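Engineer: Let me begin by handing over the structure; questions about it come next.
The values are calculated or read from the model by the stated rules, or taken from the named source; none is laboratory data. On a predicted model such as this, the values are computed, not experimentally measured, just so you know. Here the Cβ is made from the backbone with ideal geometry for all residues, glycine too, and neighbour counts use every protein chain on show.
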Amino acid sequence: MLIITCPKCKTNYKLKDDSKITIGQKKLRCNKCGYIFIYNFNFTEENSLPLILIAHDDYRVVNVIKKVLEPVKCNIETAYEGNEAYKIILNKKPAIAIIDVALTGLFGFELCEKIKNDPQLKDVKVILVASIYDRTRYKRRPQNLYGADDYIEKHHIPDDLLNKVLALLPGSRQLIMEQDLITQKEIGDTSLLKDNRDLLLEKTKDILKEREEIRKHEQASLDAIKDITNKAKKLSRLIISDIALYNQELLDKVTQENFREILKIDFEDAIKYLSHRIPEIKDEAQKFIEDAFLELLSKRKGLQ
């Protein structure tokens with residue numbers, strides 16, 4: 001049984017007998033709201049659909065990503081820890097792995113470099129998810145991405161991730177379930193163009209709402225950690241992961257002795273930010289940041 005959803009009013013229609021429908025794009029009209037849209041009937045077998053892995057330790061962010069990927073015909077697997085994600089990648093070789101840079105167990109850059117250094121995983125595309133602990137801090141693209149094919153800042157997941165995924169999926173346009181924007185040439189009805197403009201405005205509102213949800217998720221994820229020490233360690237890992245993502249070339253030059261000098265501005269900002277977010281550990285903020293950075297540095301050097 002095939003279920004078709006109207007992209008405007010979200011009404012679901014069950015198609016019990018699809019044997020008489022030919023493969024290809026069909027123009028459909030929603031009986032409830034009258035909206036006309038294009039649906040691609042290709043009846044792709046589930047086991048032949050591309051697999052996308054979402055590797056993130058926050059289930060709330062995972063759910064947002066799943067929602068963003070709803071228009072794509074694909075299978076999705078999730079992992080909440082780096083070693084778990086690596087096992088799935090080795091065994092199932094997903095088409096795309098969407099990986100949090102601050103993933104627990106294995107940092108995102110560790111996982112990415114393991115993938116890119118393994119010839120058997122050469123077809124696995126990687127999108128790194130940056131936490132951006134201070135959104136005013138970085139106004140540039142990361143330098144080398146540790147071999148990843150693309151990256152996205154977490155607060156841009158609602159509006160940018162779908163296009164980034166489609167750009168990496170082979171034959172991606174045939175995997176789109178619904179095409180919401182229809183031109184006048186295709187329909188020949190200006191009233192329908194207005195419907196689509198209204199739909200675009202609705203989608204924009206949804207994106208802004210989902211961005212705000214992600215911001216709330218960030219705080220809720222930390223609030224869920226009751227132990228102050230563990231909370232400080234978690235936030236320190238997020239902060240250091242972003243510093244590493246945006247400063248790869250500098251990171252290749254640092255040692256345990258000189259990192260405070262080479263990354264002086266980022267290091268000082270990290271301490272200030274951690275102290276601001278968790279005032280209870282203000283006097284220990286520098287040690288938390290140092291410990292997190294030394295852990296990252298040791299793992300980074302271990303991969304070289």
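Engineer: For the stretch 257-275, what are the residues that are surrounded by 19 or more Cβ atoms within 10 Å (Cβ to Cβ) and not in a helix (DSSP H, G or I)?
Structural biologist: Residue satisfying the conditions is Leu263 alone.
Engineer: In the stretch 87-104, what residues are among the β-branched types (Val, Ile, Thr) and in a helix (DSSP H, G or I)?
Structural biologist: Initially, the stretch 87-104 is screened for residues among the β-branched types (Val, Ile, Thr), giving 88-89, 96, 98-99, 101, 104.
Passing the criteria: Ile88, Ile89.
Engineer: Among the residues of the stretch 72-85, what is the count of those that are touching a residue at least 60 places away in the same chain (Cβ under 8 Å) and more than 15 Å from the chain's Cα centre (by Cα)? So that I can check it myself, show each step before the final result.
Structural biologist: Of the residues in the stretch 72-85, the ones touching a residue at least 60 places away in the same chain (Cβ under 8 Å) are 72-74.
Those left that are additionally more than 15 Å from the chain's Cα centre (by Cα): 73-74.
Total meeting the criteria: 2.
Engineer: From the list Ile132, Ile127, Ile157, pick out the single residue that is modelled with pLDDT of 90 or more and either more than 30 Å from Arg277 (Cβ to Cβ) or in contact with a helix residue (DSSP H, G or I) (Cβ under 7 Å, 6 or more places away or on another chain) (or both). Please lay out each step first, then the result.
Structural biologist: Details: Ile132 fails: modelled with pLDDT of 90 or more; Ile157 fails: modelled with pLDDT of 90 or more.
Result: Ile127 is the single residue among Ile132, Ile127, Ile157 that is modelled with pLDDT of 90 or more and either more than 30 Å from Arg277 (Cβ to Cβ) or in contact with a helix residue (DSSP H, G or I) (Cβ under 7 Å, 6 or more places away or on another chain) (or both).
Engineer: Residues in the stretch 139-147: is at least one assigned to a loop (DSSP other than H, G, I, E, B), modelled with pLDDT under 80 and buried (at least 17 other Cβ atoms within 10 Å of the Cβ)?
Structural biologist: If we filter the stretch 139-147 for residues that are assigned to a loop (DSSP other than H, G, I, E, B), which is where we start, we get 139-144.
Within this subset, residues satisfying the condition of being modelled with pLDDT under 80 are 139-144.
From the residues that got through so far, the ones that are buried (at least 17 other Cβ atoms within 10 Å of the Cβ) too are 142.
Yes, there is a match, as at least one residue in the stretch 139-147 is assigned to a loop (DSSP other than H, G, I, E, B), modelled with pLDDT under 80 and buried (at least 17 other Cβ atoms within 10 Å of the Cβ).
Engineer: Write out, first by first residue and then by second, each pair whose Cβ atoms fall under 6 Å of each other, whose residues are 6+ apart or on separate chains, and whose first residue, in the stretch 153-164, is touching a residue at least 12 places away in the same chain (Cβ under 8 Å) and on the phi < 0 side of the Ramachandran plot while the second is among the β-branched types (Val, Ile, Thr) and surrounded by fewer than 17 Cβ atoms within 10 Å (Cβ to Cβ).
Structural biologist: The qualifying pairs are Pro158/Ile207; Asp159/Ile207.
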